[in-house]
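No value in this document is a laboratory result; all are computed from the given coordinates. Since the model is a prediction, treat every value here as computed from it, not as a measurement. When we count neighbours, we look across all protein chains shown, and the Cβ atoms used for this are built from the backbone with ideal geometry, even at glycine.
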Amino acid sequence: MTRAVTSVGPQVRTGGRVDAIDLARGVALLAMMLVHVGPHWLDGGPPVGSIVASGRAAPLFALVAGVALALIHDREPGGAGSTRATAIRAVLLVALGLSLGSLHDMPILVILPSYGVMIVAALPFRRLSTRAVLILAGAWAVVVPVLLLAAQRQHSPVFAEQAELSDLEHPGGLVMELLVWGPYPAAVWFAYVLAGLGLGRLDLRSAVVARRMVLVGAALVTVTLATGWAAISLGTFGDDGRDGWHLLFRVDGYPYELPMWNDLLIVGEHTSRPLNVLGAMGSSVLIVGACALVSTARIPGAWFVLAPVRAAGAMTLSLYTIHVLWSWRLRVTSDELAAGLPPVGGYDDWLLQVVVLCAAAVLWRRFLGRGPLESAVRRLSVWGSGRSSRTASRGLV
């Protein structure tokens, strides 16, 4: 396992950033933006953007969070990677997420509060070996979704709205929403963070490791989709009047209808069932492996072409916040909202955000360095820890 901060390869620069992880994080950001403002699935089959990104972008974010947690703890155990700094960072993420969720008519289910909960929960697991944490991630992805389904059957119907600041009046309810009932149930999604925590111990500069990640990820995606399709073909979920293949990507009514035990074979996005979690974990591992391959392959021009995505991945907290506010503004001024209709979305809105935010990231990184929110969160998290300002100004992940 390589633990050096510098490297002669393109993946880790002298400043310490892991470019392959920045690239994967940038892909996750762009995919999540596509889900939020791209064409929405209203009637008929899902648009291509939903098939590719929906239900996979957010898990990729969570998995990369685990990778970053492992890397920064390894390299700055007494600074930004310490338990104290991680806990402070988590509190700041929860506060920011609840604030964004409090905006009137917010169209996006903000993931930051669940994200903050998961990185704190991961702290004790950093002591486990790489093999142990990866095995635990796989077991977690199977066992905890079963427990969640059992809980939903006992308490259904459950309606979990956007987590917001007003929820602090009932902290117990907020905790349950973030851990169990919400759209990003941290109790289940923690499997992604555990997987990332294990992958962060591997040598991501190794082409062999990267290829194995791609193969493992592709195998997980293939097996879960094939199993889900077999369940659909056998009529496990009945006939809802539409072609059954759509159930591979979405299930209407979840989680507001009483779930059945055969729902364990559902693959649809954000259902938090075993096949869904394993499939999303597989696609995340595949993407991280592919980004690591690109970083080691030295394909002429590839690294230059992907530089804007990599720059965006180096400041995703800032860009995600801008994207949420931008999308909220689009929503509150939309004709659909005025007419009481759901938003339609389009590739044009997504492409505009991609171009503007990636260009801004390139310029900001070139002339100012760390993203504004990233800088503020890091400085607050290491404040009073005795770390030098020079160390705090250098980015690792």
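Worth pointing out:
- Rounded to whole numbers, the Karplus 3J(HN,Hα) couplings from phi for the range 89-94 are 4, 5, 4, 5, 5, 4 Hz, using 6.51 cos²θ - 1.76 cosθ + 1.60 with θ = phi - 60°, and x at Gly and Pro.
- Per-residue Cβ neighbour rank within 10 angstrom, fewest leading, Arg366, Arg331, Arg379, Arg89: Arg366, Arg379, Arg331, Arg89
- Near-label residues of the range 184-224 by backbone N, under 13 Å of a point 7 Å along Cα→Cβ of Ser129: none
- The calculated FRET efficiency for the pair Leu363 and Ile299, based on their C-beta separation and a Förster distance of 25 Å, comes to about 0.50.
- Going from the fewest other Cβ atoms within 10 Å to the most, the residues Leu215, Leu306 appear in the order Leu215, Leu306.
- Neighbour counts of other Cβ atoms within 10 Å put Asp19, Asp167, Asp74 in the fewest-to-most order Asp74, Asp167, Asp19.
- Per-residue Karplus couplings for the range 275-282, computed as 6.51 cos²θ - 1.76 cosθ + 1.60 with θ equal to phi - 60°, are listed in order as 5, 5, 5, 5, x, 5, 5, x Hz, Gly and Pro entered as x.
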